[in-house]
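Down below is the structure, laid out as structure tokens.
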Amino acid sequence: MKSSKIVKWISNFTSIILFLVLIFMIFVVISSKASGGSPKFLGYELKTVLSGSMEPTFKTGSIIAVKPAKDKADFKKGDIITFKADEKMIVTHRIVKVEKSGGQVLYRTKGDNNKTADLNPVLSQNVIAKYTGFTIPYLGYFINFTQTKNGSALLLILPGILLLGYAVFSIWKAIAEIDDKTKNPPESIEKSV
């Protein structure tokens with residue numbers, strides 16, 4: 001009796017986990033498509049690290065959480081910022097120097113793994129976000145895959161197939177238990193008075 005409760009608990013737990021994975025995958029795909037790139041979660045953007053310039057702070061292929069910048073001229077030396085290096089390239093590097101030129105704030109940045117600072121200073125208006133300290137190693141490879149057509153399709157279909165397969169397995173197991181009980185009914189204990 002106790003083992004059947006444990007099996008039932010594990011079965012329910014597995015169902016819940018598969019369902020939550022399905023919901024999360026749908027969220028990642030829809031969020032990525034809606035934002036035009038990076039998924040967003042609870043006000044944070046999830047960015048994929050594509051180079052090793054910031055190692056060992058975060059590894060290539062990691063996911064980092066960045067908080068969109070409100071006051072773009074308020075960062076200080078040591079902060080890690082995400083900024084537009086040009087029209088197509090977004091970079092996340094550490095500020096090594098803050099400069100003020102007229103009414104402009106400029107940031108000198110450098111990757112932790114680079115020997116020299118970045119060639120061009122970053123205008124404060126080109127700053128997108130600040131790194132929050134949250135990193136998940138290697139998940140970025142998966143997120144990049146989800147942003148492809150095949151990845152999006154697989155991400156939506158695979159958890160559903162797993163959930164369906166698990167449901168079929170659970171039904172098959174329940175039917176097998178019912179068949180077993182009908183073939184081998186429990187012995188009744190009769191009391192005589």
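From (1) surrounded by 13 or more Cβ atoms within 10 Å (Cβ to Cβ); (2) modelled with pLDDT of 80 or more; (3) of a type in the set (V, I, T); (4) farther than 18 Å from F83 by Cα, pick out the condition that doesn't hold for I6.
(1)
To keep it simple, each residue is scored yes or no on (1) farther than 30 Å from I23 by Cα; (2) touching a residue at least 24 places away in the same chain (Cβ under 8 Å); (3) small (G, A, S).
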position: D86; (1), (2), (3): yes, no, no
position: H93; (1), (2), (3): yes, yes, no
position: K110; (1), (2), (3): yes, no, no
position: L123; (1), (2), (3): yes, no, no
position: I136; (1), (2), (3): no, yes, no
position: A153; (1), (2), (3): no, no, yes
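Just name the residue that is modelled with the highest pLDDT out of those in segment 180-193 that are charged (D, E, K, R) and more than 30 Å from I16 (Cα to Cα).
First, pick out the residues of segment 180-193 that are charged (D, E, K, R): 180-181, 183, 187, 190-191.
If we keep only those that are more than 30 Å from I16 (Cα to Cα) as well, we get 183, 187, 190-191.
On the way: K183: 75, E187: 63, E190: 54, K191: 55.
Only one residue tops the list, namely K183.
Given the conditions (1) in contact (Cβ under 8 Å) with a residue 12 or more places away in the chain; (2) more than 30 Å from P159 (Cα to Cα), which single one is not true for L50?
(2)
With (1) over 23 Å from F24 (Cβ atoms); (2) of a type outside the set (K, R); (3) in a loop (DSSP other than H, G, I, E, B) as the list, and F58 as the residue in question, which single condition is left unmet?
(1)
Working only within segment 52-110, note down all residues that are under 21 Å from L139 (Cα atoms), among the β-branched types (V, I, T) and in contact with a Gly (Cβ under 7 Å, 6 or more places away or on another chain).
Answer for segment 52-110, where residues must be under 21 Å from L139 (Cα atoms), among the β-branched types (V, I, T) and in contact with a Gly (Cβ under 7 Å, 6 or more places away or on another chain): T60, I63.
If you go through segment 86-110 one residue at a time, how many are hydrophobic (A, V, I, L, M, F, W, C) and exposed (fewer than 15 other Cβ atoms within 10 Å of the Cβ)?
Start the filter on segment 86-110 by keeping residues that are hydrophobic (A, V, I, L, M, F, W, C), which leaves 89-91, 95-96, 98, 105-106.
Subset that is exposed (fewer than 15 other Cβ atoms within 10 Å of the Cβ): 89, 96.
The total comes to 2.
Tell me, please, whether a residue that is touching a Ser or Thr at 6+ places or on another chain (Cβ under 6 Å), at pLDDT 85 or above and not hydroxyl-bearing (S, T, Y) can be found in segment 21-35.
No, segment 21-35 has no match at all.
The values are calculated or read from the model by the stated rules, or taken from the named source; none is laboratory data. Just so you know, these numbers come straight off a predicted model, no measurement behind them. Please note: Cβ atoms are built from the backbone with ideal geometry, for glycine as well, and neighbour counts cover all protein chains shown.
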